[in-house]
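Participant: Quick one: this structure, given as structure tokens, is what I'll be asking you about.
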Amino acid sequence: MRAAPFSRAAFVVSESDPARLPFYAAEIAFVGRSNVGKSSLINALLRKDLARTSSTPGRTRTINLFSVSPQAAVVDLPGYGFARGSPEERAGWGAMIEGYLTRRPSLRRVYVLIDAKVGPTDLDRRMVVWLQAARLPWRAVATKADQVKPAQAAARRRDSAIPLGLTPPELGWISVVERRGVDELRAEAAQLLGEA
């Protein structure tokens, strides 16, 4: 009987230089503004508390790589936006993210996380435009859906999808707190990584 997807997930390395990352045949990456719930979502997908979570925005300042098999990995990229640090440090994080995204031929998809309550920010839209220009496969996922009132959810999802050029069903709608959409996203990620 085959093990459940990501049941063998493990932390591998935290690295500031994309060129020093180990090679995997298939990878997916998660990117989003600081405090969007990226680490919490990765932990929910991997079923383990491997990604460091914090109430302080911008704690992820390196590329964190987690193996899910000898051939596949999940990558947590530094958050953008509200992270503390000097302008030089923040510029370095941007170069780090771009360096990773442009040098990984094994990258199957980039998940761009947005806050369901806030909607896509200018930085989120710029990230999507950059990914499209770089011809990288991407998907937008709204996190913290539990913070949107049920009566407002359909309108909020529509208003978040349209600025990204998406229809509402194309925008993932997830709540780690309520476990909404997590299993579906895990199944999708596992298929991309050959772990389904």
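The values are calculated or read from the model by the stated rules, or taken from the named source; none is laboratory data. Owing to the predicted nature of the structure, the values given are computational and were not obtained by experimental measurement. Note: ideal-geometry Cβ built from the backbone for every residue, glycine included; neighbour counts use all protein chains shown.
Participant: Picking from 65, 50, 77, which residue would you name as being at pLDDT 85 or above, of a type in the set (A, V, I, L, M, F, W, C) and over 24 Å from residue 4 (Cβ atoms)?
Facilitator: 77
Participant: Separate question: Which residues, taken from region 84-101, are surrounded by 13 or more Cβ atoms within 10 Å (Cβ to Cβ) and modelled with pLDDT of 55 or more?
Facilitator: 93, 96, 97, 98, 99, 100, 101
Participant: Read through the list (1) at positive phi; (2) part of a helix (DSSP H, G or I), then give the number of the only condition that residue 194 fails.
Facilitator: (2) is the only condition that residue 194 fails.
Participant: From the residues in region 15-42 that are in contact (Cβ under 8 Å) with a residue 60 or more places away in the chain and part of a helix (DSSP H, G or I), which one is farthest from residue 139 (Cα to Cα)?
Facilitator: 19
Participant: Looking at region 1-14 only, could you name the residues that are of a type in the set (A, V, I, L, M, F, W, C), free of Cβ contacts under 8 Å to residues at least 60 places away in the same chain and part of a strand (DSSP E or B)?
Facilitator: Within region 1-14, 10, 11, 13 qualify.
Participant: To continue, here is another question. Suppose we keep only residues that are free of Cβ contacts under 8 Å to residues at least 60 places away in the same chain and under 16 Å from the mean Cα position of the chain (by Cα) within region 142-163. Which one would you say is nearest to residue 122 (Cα to Cα)?
Facilitator: Within region 142-163, the match that is nearest to residue 122 (Cα to Cα) is 142.
Residues checked against (1) of a type in the set (Ser, Thr, Tyr); (2) surrounded by fewer than 16 Cβ atoms within 10 Å (Cβ to Cβ):
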site	(1), (2)
160	yes, no
176	no, no
180	no, yes
192	no, no
